[in-house]
Amino acid sequence: MPELPEVQTIVSDLHQTIIGQKIVNFETAWEKALKNTSLSEFKKTILSQKITDIQRRGKNILIFLENDWVILVHLKMTGQLIFQNKPSKNKILRHNFFLESGFLEFRDVRKFGSLNLVKKADLEKYFEKLGIDALNPKFTTQKLTKILQKNKTKNLKSVLLEQNLITGIGNIYASEILFEAKINPHRQTGSLSAIEINQLHRAIKKILRKAVRMRGTSDSDYLDGYGHKGHFQEVLQVYRKNGQKCPICGTIIEKSTIGQRSTFYCPHCQK
């Protein structure tokens, strides 16, 4: 599933290509992806509207229109949002926004991705259950400490994945962040010292910012806004490295399951 770095990369790419363009047509091959609206209402709302902005909220992509409606895109597990100068015949193309100059293609192998319409004035209410963004300047060590204290009996890895607490971190980056922080993913949040919380906060910011610079992780289906792979998979330290040697100490990296999600860690480095 695309996480914060992948979604941010797509948003940054599309900001250069679709802002100011008018949506002249829309076609879908999977109408079930339209949430809380019909196809006719969706088209009525977006057609002939100019795109004024594109932003990210957690793992959500927000496309702002001049009529004060927002197209909310969630890529879910295998979604891709790619700008094309010419129409393509891609087999997994589910939705296509025809722009004045080019095409915005929503491709999706598993068909779990969604499209929604939200009034700009209702955005804050729509996202009120979403936690603080992991790269928000307001996400300080103090803020992280409060989140952990309120969930002190929970497993640390699970807390990092709860989007209503901290938004943007997914399974890949949770493993990488905890390895960077040298904290075992099985720890309860209440067992962390102030020093460890500070290490964890620094690791969250460091790993996510590095992944953004490297244009995301193409571990599976992810492609950026131009249809290219990211590069962070080239520097993964523990994710899907079980059975291999830890790059720091040489201990064999282990794999376990936490909250039905695969977790990778070094039993020696991560205490």
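Every number here is computed from the coordinates shown, using simple stated rules; none is lab data. Since this is a predicted model, take the numbers as computed values, not measurements. Heads up, the Cβs are rebuilt from the backbone with ideal geometry, glycines too, and the neighbour counts pull from every protein chain shown.
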> Semi-axes of the equivalent ellipsoid of the stretch 122-183: what are they in whole Å, largest first, if each equals the square root of 5 times a C-alpha gyration tensor eigenvalue?
Replying inline: 20, 13, 12
>> Could you tell me how far the Cα centroid of the stretch 180-207 sits from the Cα centroid of the stretch 10-30, in Å?
In response: 39 Å
>> What is the angle, in °, between the Cα long axis of helix 4-15 and the longest principal axis of the Cα atoms in the chain? Nearest 10 is fine, range 0 to 90.
In response: 30 degrees
> Label-point separation (nm) for residue 31 and residue 76, each offset 7 Å from Cα along Cα-to-Cβ?
Replying inline: 1.7 nm
> Which order results if 140, 28 are arranged by neighbouring Cβ count within 10 Å, fewest first?
Replying inline: 140, 28
> How would you classify the stretch 18-110 from its alpha-carbon gyration tensor, with a ≥ b ≥ c the square roots of the eigenvalues: rounded for a/c under 1.5, else prolate if a/b is greater than b/c, otherwise oblate?
Replying inline: rounded
>> Could you give the length gained by full extension between residue 12 and residue 122, i.e. 0.36 nm per residue of separation minus their alpha carbon distance, to one decimal place?
In response: 37.2 nm
> Could you give the angle, 0 to 90 degrees to the nearest 10, between helix 171-181's Cα long axis and the longest principal axis of the Cα atoms of the chain?
Replying inline: 40 degrees
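What does the extension gain come out to for residue 195 and residue 45, with contour length at 0.36 nm per residue minus their alpha carbon separation? It would help to have the intermediate numbers written out before the result.
Numbers: separation 150, 0.36 × 150 = 54.00 nm, distance 5.10 nm.
Going from the current span to full extension adds 48.9 nm.
Please compute the net charge surrounding residue 74, taking Lys and Arg as +1 and Asp and Glu as -1 over other residues with Cβ under 12 Å from its Cβ.
Working: positive: 35, 56, 57, 59, 76; negative: 108.
The answer is +4.
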> Where does the chain land at 222 nm, in deg cm²/dmol rounded to the nearest 500, when only DSSP H runs of n ≥ 4 count, each adding -39500 (n - 2.57), divided by all residues?
Replying inline: -7500 deg cm²/dmol
> Could you give the semi-axes, largest first, of the ellipsoid that matches the stretch 82-199, computed as the square roots of 5 times the alpha carbon gyration tensor eigenvalues and rounded to whole Å?
Replying inline: 37, 18, 13
>> Taking just the alpha carbons, could you work out the radius of gyration and Dmax for the stretch 132-265, both in angstroms?
In response: 14.6, 44
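When only C-alpha pairs under 8 Å and at least 6 residues apart count, what is the relative contact order of the chain, in percent? Provide the component values of the computation, followed by the final result.
On the way: 555 pairs, mean separation 51.0, N = 271.
Relative contact order here is 19 percent.
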> Once you put a point 7 Å from the Cα of residue 38 and another 7 Å from the Cα of residue 209, both along the Cβ direction, what distance in nm separates them?
Replying inline: 5.0 nm
> Which one of 78, 21, 37 is farthest out on the positive end of the charge dipole of the stretch 4-126, using unit charges on Cβ (Lys, Arg +1; Asp, Glu -1) and the Cα centre as origin?
Replying inline: 78
>> Averaged across orientations, what area in nm² does the convex hull of the alpha carbons in the chain project?
In response: 14.3 nm²
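For the stretch 4-126, what is the charge dipole size about the Cα centre, in debye to the nearest 20, if Lys and Arg each add +1 at the Cβ and Asp and Glu each add -1 at the Cβ? Walk me through the intermediate numbers first.
Working: 20 positive and 13 negative charges, 87 e Å.
The dipole of the stretch 4-126 has a size of about 420 debye.
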> Across the stretch 244-250, in residue order, what do the Karplus-derived ³J(HN,Hα) couplings come to in whole Hz, using 6.51 cos²θ - 1.76 cosθ + 1.60 with θ = phi - 60° and x for Gly and Pro?
Replying inline: 9, 7, 4, x, 9, 10, x
> Where a Cα-Cα gap under 22 Å defines reach, which lysines qualify for residue 86, not counting those fewer than 8 residues away within the same chain?
Replying inline: 22, 43, 50, 229
>> Can you tally the net charge around residue 216? Count Lys and Arg as +1, Asp and Glu as -1, for every other residue whose Cβ sits under 9 Å from the Cβ of residue 216.
In response: -1
